[in-house]
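To start, the structure under review is shown below, and the notes come after it.
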Amino acid sequence: MAPSADTSFAAHAADQFTAYKDDRETKSQDVLYSTSNGVPMPHPYETQRAGENGPLLLQDFHLIDLLSHFDRERIPERVVHAKGSGAHGFFECTNPIPDLTQADVFSEKGKKCSVTARFSTVGGESGSHDCARDPRGFSVKFRTEDGNWDMVANNTPVFFLRDPAKFPHFIHTQKRDPATHLTHADDSTMFWDYLCNNPESIHQVMILMGDRGIPDGYRFMHGYSGHSLKLVNKSGDWVYAQVHFKSQQGTKFITQEDSASKSPDYSQKDLYEAIERGDYPKWDVSIQTMTPKQAEEVWESQRINVFDLTHVWPQGQFPLRKIGEFTLNENAANYFAEIEQVAFNPSHMPPGIEPSADPVLQSRLFSYPDTHRHRIGVNYQQLPVNAPRSGFKMGNFQRDGQMAFYNQGSRPNYLSSIEPISFRPRTVNLDKAHGHFSGQAIAFMSEIRSEDFNAPRALWKKVFDEPARERFINNVAGKMAMCKKEELLKRQIAIFREVDGDIATRLEKATGIKGYDGIANMRFNGTHNGMATDPKLKHANGMNASCGDSIPGSNGAPKSGTHLATNGTNGINGH
């Protein structure tokens, strides 16, 4: 495209702002080969050297430009969720919920917004197998008129932990052994060492080792927020909420045996080709809701903790309510630009959606944007795939840093009285929307309790049929066969025995290892044992209870009286 006759910098800048769209759609036949500074070159294979057989010349910018960019063309892969696939599409509100939230995207029927979704395995590297037995990430970026909402979910409703400081340790056990450099496909010792010392992981372990452990591609799986969020309406009233993405394609799984016959990029290929042929995958977006009073009651009567990532809300008590659906109908034109660089952040919440006090969620509110700033730079939200699509002109006082493409022109980078910026009136009273927290700083680590086995027991008895139970036992036994330490497996079988004695008996037969009778006489290095019969076994290994007891009475749940009727009325804080 010929440059404009206008030689001003403004004209040049205008060309650059349209360049991304043009570049994304331009074919190879329509471009002229050049260096990065726009100088045409006669051929990409040419180099300059001193004579026919002399050394290369430092003045050959083309070669230096080529090699130096090549040396830097890989950004750090994600520490977690490194292997993934994604696509673009749209969300449409089908059942508005203004009674529950002031979030604009749920305000009226037919309201739409652009979305980008990314699905992934959790523990593997960027070149790992799509059909690994692993949870799947399920993240959706909703570009609402009030800013981006990133729903960073998984294909399982629970996770392995509820204490946020455990997360880096857990992920390390899913990676390569620092000595042997083997993954747990060949040596599962680290895998079972973590799990047998953190029994609250058992519900997720059962899901992982069951049929949902290897979904048949990304189109045939559900997604779950796992964490409790808060929905706040225009009156300032709020409820806890769990978000579910339900596949309209249904769910399918791949057996452990069949997974070995699949392509390493099986899920990527399936998603891409389905969209290319017009078979657009769709998911219902549904919510479960719970009032603050109900949250206290389910803890007091059922020991269900809404702040616990290892607990689920019974759908019989808290039924799903569909609010919309999203469709993926557009593949990325460039995988790196639109999928590898897409950055999801659970702290991206528009007005009407707020975080709960779930400690793992609270830690993720920091960790996710922090890793994006490290991985793709402080201005990662200026990348087109991450940029918001707000219904107003954005402005703030963030300037400079690496790759500051949009740097807000000549506007003041401080709160100026000469050229003032506009503000929207407050719409969320945070004094009312959040709990009234007060108290001393405490050391906190959760303990394993009998209620932690209720949901896994229901999964085994009521959800799994007999063929599913047999597959589960075979999957667990196969994974245990890769473990070099029998003691770890004795402990893990004891944890399974707390779920159901039948599981332990079958595993003992399958592995030839006799597990311990239960966890009452066990001590863990990862959690306090609330089921211990000997007080000496109650505290986690290495903890000195004489200097501050970190065992919480309610495991961090909202006890009766936690939620005040009114948490402040002055509206001091807010969006």
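The values are calculated or read from the model by the stated rules, or taken from the named source; none is laboratory data. Model, not experiment: these values are computed from the prediction. So basically every Cβ, Gly included, is an ideal-geometry build from the backbone, and we count neighbours across all protein chains shown. When the accessible area is computed, the model is the full protein with side chains, heavy atoms only, and any ligands, DNA or RNA have been set aside. Shrake-Rupley method; radii C 1.70, N 1.55, O 1.52, S 1.80 Å.
So here's what we get for this one:
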| quantity | calculated |
| --- | --- |
| With Cα atoms, 0 to 90° folded angle of helix 501-511 axis to the chain main axis | 70 |
| Aspartates and glutamates with Cα under 19 Å of Lys509, excluding same-chain neighbours fewer than 8 positions away | Glu466, Glu470, Glu486, Glu487, Glu498, Asp500, Asp517 |
| Residue-normalised accessible area of segment 1-126, given per residue in Å² at a 1.4 Å probe | 65 |
| Segment 28-80 shape via C-alpha gyration tensor axes, a/c threshold 1.5 | oblate |
| Between helix 486-499 and the chain: long-axis angle, C-alpha atoms, 0 to 90°, nearest 10 | 80 |
| Additional length obtainable on full extension of the chain from Ala13 to Ile75, 0.36 nm per residue less Cα span | 19.6 nm |
| Nearest 10 degrees, 0 to 90: helix 359-376 Cα axis against the chain principal axis | 30 |
| Amide H partners (placed H, <5 Å) of Ser34, local residues excluded | Met41 |
| Value at 222 nm in deg cm²/dmol, rounded to 500, when DSSP H runs of n ≥ 4 in the chain each add -39,500 (n - 2.57) | -7500 deg cm²/dmol |
| J(HN,Hα) series, segment 293-306, from Karplus relation 6.51 cos²θ - 1.76 cosθ + 1.60, nearest Hz, glycine and proline x | 5, 5, 4, 5, 5, 5, 6, 5, 9, 10, 6, 9, 9, 6 |
| Hz values of 3J(HN,Hα) by residue in segment 521-527 - Karplus curve (6.51, -1.76, 1.60), Gly and Pro given as x | 10, 10, 10, 10, 8, x, 7 |
| Within the accessible area of the chain (1.4 Å probe), percent carbon and sulfur | 53 |
| For segment 237-246, 3J(HN,Hα) per residue [Karplus equation, 6.51 cos²θ - 1.76 cosθ + 1.60, θ = phi - 60°, Hz, x = Gly/Pro] | 6, 9, 9, 6, 8, 10, 9, 10, 10, 9 |
| For Val239, residues with placed amide H under 5 Å, excluding near neighbours | Leu231 |
| Alpha-carbon centroids, segment 346-396 and segment 147-173: separation in whole Å | 16 |
| Pairwise centroid distance, computed over Cα atoms, of segment 492-508 with segment 303-328, Å | 28 |
| Rel. contact order, % - alpha carbon contacts under 8 angstrom, at least six apart, the chain | 16 |
| Cα pair distances of segment 1-132 binned at 5 Å [whole percent] | 2, 7, 8, 9, 10, 11, 14, 13, 10, 6, 4, 2, 1, 1, 1, 0 |
| Cα-based radius of gyration of the chain once divided by 2.2 N^0.38 Å, which approximates compact folds | 1.09 |
| Volume in Å³ per residue [convex hull over Cα atoms, computed for segment 129-228] | 135 |
| Three-way shape call for segment 273-384 based on the alpha-carbon gyration tensor, with the a/c threshold at 1.5 | oblate |
| Alpha-carbon centroid distance for the pair segment 7-38 / segment 423-461, whole angstrom | 50 |
| Dipole of the chain [Lys/Arg +1, Asp/Glu -1 at C-beta], most positive-end residue of Val342, Ser356, Thr562 | Thr562 |
| Scattering curve values for segment 441-525, log₁₀ I(q)/I(0), Debye with Cα scatterers, q = 0.14, 0.24 Å⁻¹ | -0.52, -1.25 |
| Amide proton proximity set for Ala540, modelled H, under 5 Å, gap of 5+ | His528, Asn529 |
| Mean shadow area of segment 82-177, taken as a quarter of the surface of its Cα convex hull (nm²) | 8.1 |
